[in-house]
1. Just the accessible area per residue of the stretch 358-458, please: how many Å² with a 1.4 Å probe?
2. For every other residue with a beta carbon closer than 11 angstrom to the beta carbon of LYS106, add +1 if it is Lys or Arg and -1 if Asp or Glu, then tell me the sum.
3. Cβ under 13 Å from GLU393's Cβ, GLU393 left aside: what net charge do those residues give with Lys, Arg +1 and Asp, Glu -1?
4. Using alpha carbon centroids, what distance separates the stretch 179-202 and the stretch 376-404, in Å?
5. Which aspartates and glutamates, if any, have their Cα less than 18 Å from the Cα of LYS409, not counting same-chain residues under 8 positions apart?
6. Amide H of CYS252: which non-local residues (sequence gap of 5 or more, or other chain) have their own amide H closer than 5 Å, using H built in the peptide plane?
7. Evaluate the relative contact order of the chain (contact order divided by residue number), counting alpha-carbon pairs under 8 angstrom at least 6 apart; express in whole percent.
8. With just the Cα atoms of the chain, tell me how far they stretch along each of the three principal axes, in Å, largest first.
Amino acid sequence: TPPSSSRRLSSLSMARAAPTTIKIGIFGGGTVGGGIVDIITKKKAYFTDLTGHDIQVKKVCVRDATKERDWAVPDGCDIVTDYDDILNDDDIDVVVEVMGGTTDAKDIVYRSLRASKNVVTANKALIAAHLEEIEGVLEEANEGKGPDEEVEFRYEAAVCGGIPIIRSLQSDFVGDEITMISGIINGCTNFMLTSMDKGGKSYDEALAEASRLGYAEADPTLDVGGFDARSKLRILMRLAYGVEVDEDEIPCRGITDLTKVDFEYAKMLGGTIKLLGVTEKVGENKVTAFVSPCYVTEDDSLFSVNGATNAVEVISDNLKSSTYIGQGAGRYPTANSCINDVIALAKSDSTPRPFNPLVPETMMVNNYDSVFFLRLRYRDALGITRQCGEVCEKHGVSIHSILQNPVTKREDAAFVIMTEKVSVSAIKAVCAELEGLDWCRGPAFYMPVLREDWIRSA
């Protein structure tokens, strides 16, 4: 057998060559890494029939080689602790990075590409933070190479775990025009919001349950603050619109300010509350984006997506509405997406531009229009409704309706204003002014309504 460096030219050359062994090096032997090994072991014969190649896990790099694993180490596979054992191994064709983080993982990905190794990763934080840089390293690694020699960067598992949304945006909308993407793209928060909605739990109770069941990290900030969803949304924006944006520029509000009262009013309106990542085309070469709790009506495709499940709806000119629903995290859903990328490489399913072409003239505008749900906690006073009307009128906000449940506890006294479609900047101005009035108790809470046609027909 010729040296791997001479046969490891690209996914295309792997598929065209005489039957060879495709050797994989995995960084990370935990939940996802173990799942990848399990799937390859279980389906080894099928993968050989499918691709014409024997896919082998040659090395798995872990922090502690003596630690007991909950997966069986395949024959011929070495457990290593030194990154260079994989990075400097010319026999390894594909590097799978599932260790997480953005420091060592970044170095591993870059060195692998420069060493002409294809890369598969599940690391959305790395991609969201360094997308442009990854593109540059990939171009550098492939400079002067023919199509049969180029290495590739694959990342299906980085967004929504087992849902094939990346592949779909790379290939299924090329003749279409995407106008909007809205998604439940964080399983932990969707589990919590389902508990608050269906189980009547408080925020703290829902978080405690999510932590006990393993959905929430020890520090849940990235999830409950909306930051995990924002990283995924940034990647989806690039794929859908070709727009390059710093994720810190995307407005991001998590679920920490939600209360039982908000769900009571949402039910009164006939809907529920979901944490969504939303991006929409709002004009020629202009898109908007945000992560926020949103009011969702009961007839919406996202309404019944409960628990830790993820869902992404893509609205486009040709296909109209396409909704992808599935498991967004976990050992086998995430490992399955990594395996699909490995198999695609072996089958020569080439994706030379992993993030789709950049459209330099497209830009993000940091404002958006929506109907809004505005909740205000109050203490008894005269003229509250009048003052709300005056403040809203001052800032050009038209009120659709005002809702108030019977007050059973003074500390929970709250009412909700539903607006007509206005800009989020106007809503922020209204909130700031109302919060300064004597009767307003604590910060005002606002969230967009996902659809303009939110009112239920009789």
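1. Result: 55 Å² per residue.
2. -3
3. -1
4. 29
5. Once the sequence-local aspartates and glutamates are set aside, what remains near LYS409 is ASP262, GLU264, ASP380.
6. For CYS252, whose amide H was placed from the backbone, the distant partners under 5 Å are VAL291.
7. Computed value for the chain: 17 percent relative contact order.
8. Result for the chain: principal-axis Cα extents of 87, 49, 39 Å.
The values are calculated or read from the model by the stated rules, or taken from the named source; none is laboratory data. Keep in mind it's a predicted model, so treat the numbers as computed, not measured. Reconstructed Cβ throughout: ideal geometry from the backbone, glycine too, with neighbour counts over all protein chains shown. All accessible areas refer to the heavy atoms of the entire protein, side chains included, with ligands and DNA or RNA removed. Shrake-Rupley method; radii C 1.70, N 1.55, O 1.52, S 1.80 Å.
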